[in-house]
């Protein structure tokens, strides 16, 4: 019995030590990347916190007292960090400087500031936005766009709502300041505000297939979501973009990103999908939806995926006003447009 108590004690101490190590690393990074003034002060405060933890567990006995004091200090840092506010007033990069908004009037919704940048290169473009009114009664489809740039496991996901032959696309992204790049690590520590870009597909797909170097792989899938559920999801999106225009929120690499936010909006709209690790590894979301019957299942998934890549189509379509129709010609699960071949 004594032997097993010793083993249990060792295991318990090891797990506790590992948890303290992880929590301390998070807290030090949270301090370092916080809103405290001056990078030197932030770095010093982070180092001081780590040193204080070492001193605490080295000097205070019994260790349970040290652990209790540590947990109080860690909780204080968590509460302080959670209170750091997001902002809408910063020196934003031009492509994310303008927030969209919407007016909902019965079956008619007017979306303002739909983005349609005119690109010369990814970073050289003419700003173009437009407003458009849509009749919800004509909403008859929802497409999933998956964008890959670093292997099969990670993708940027977008949703495109179909109104007859017109489409409006939503891309959930980081709202970066001038000179700021993207880092998955920084995305855990309140470094980027959240933005829902409402855009024209010539912009949101075209920049990824044609103007980024190297280009990203873009796949377009027609979902089987019925119009009633698609309408509820769209309205949830529109409520969120209005909320963000009034009260900004933080992006988070794990909990509030381009994919997890979609599933959260879907649940709020009444479409609860089973939880899966494939939602966190966003590159597998198309396969996840396929397994649920949410995409065209007349083909094996590998063949569906191969046929759904639209890079060549998007480059050929360029700035054609019929861009959205051209990139869909003959794709699985999409009917030919009137007057166009399959």
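When residue 221 is tested against (1) over 17 Å from the mean Cα position of the chain (by Cα); (2) farther than 22 Å from residue 167 by Cα, exactly one condition is not met: (2).
The listed residues are 43, 16, 103, 110, and the only one of them that is without any contact (Cβ under 8 Å) to a residue 40 or more places away in the chain and in a helix (DSSP H, G or I) turns out to be 43. Scanning the stretch 46-60 for residues that are in a helix (DSSP H, G or I) and over 34 Å from the mean Cα position of the chain (by Cα) yields 51, 52, 53, 54, 55, 56, 57, 58, 59. Restrict the check to the stretch 290-305 and report whether at least one residue is within 16 Å of residue 143 (Cα to Cα), without any contact (Cβ under 8 Å) to a residue 24 or more places away in the chain and crowded, with 18+ Cβ neighbours inside 10 Å. Among the residues of the stretch 290-305, at least one is within 16 Å of residue 143 (Cα to Cα), without any contact (Cβ under 8 Å) to a residue 24 or more places away in the chain and crowded, with 18+ Cβ neighbours inside 10 Å, which makes the answer yes. I'd like to know if the stretch 214-226 contains one or more residues that are touching a helix residue (DSSP H, G or I) at 6+ places or on another chain (Cβ under 6 Å), crowded, with 20+ Cβ neighbours inside 10 Å and in a loop (DSSP other than H, G, I, E, B). Scanning the stretch 214-226, I find no residue that is touching a helix residue (DSSP H, G or I) at 6+ places or on another chain (Cβ under 6 Å), crowded, with 20+ Cβ neighbours inside 10 Å and in a loop (DSSP other than H, G, I, E, B), so the answer is no. Kindly indicate the residue of the stretch 264-277 that is buried (at least 18 other Cβ atoms within 10 Å of the Cβ) and in a helix (DSSP H, G or I) and also nearest to the chain's Cα centre (by Cα) among those meeting that condition. Checking each candidate, the answer is 265.
Of all the criteria given as (1) within 17 Å of the chain's Cα centre (by Cα); (2) assigned to a helix (DSSP H, G or I), the one not satisfied by residue 235 is (1).
Does the stretch 129-147 contain at least one residue that is assigned to a loop (DSSP other than H, G, I, E, B) and either touching a residue at least 12 places away in the same chain (Cβ under 8 Å) or within 19 Å of residue 201 (Cα to Cα) (or both)? No, there is no match, as no residue in the stretch 129-147 is assigned to a loop (DSSP other than H, G, I, E, B) and either touching a residue at least 12 places away in the same chain (Cβ under 8 Å) or within 19 Å of residue 201 (Cα to Cα) (or both).
Every read-out reported here was derived from the displayed coordinates using simple, explicitly stated rules and does not represent laboratory data. Just so it is clear, the structure is predicted and the values come from calculations on it, not from any experiment. So basically every Cβ, Gly included, is an ideal-geometry build from the backbone, and we count neighbours across all protein chains shown.
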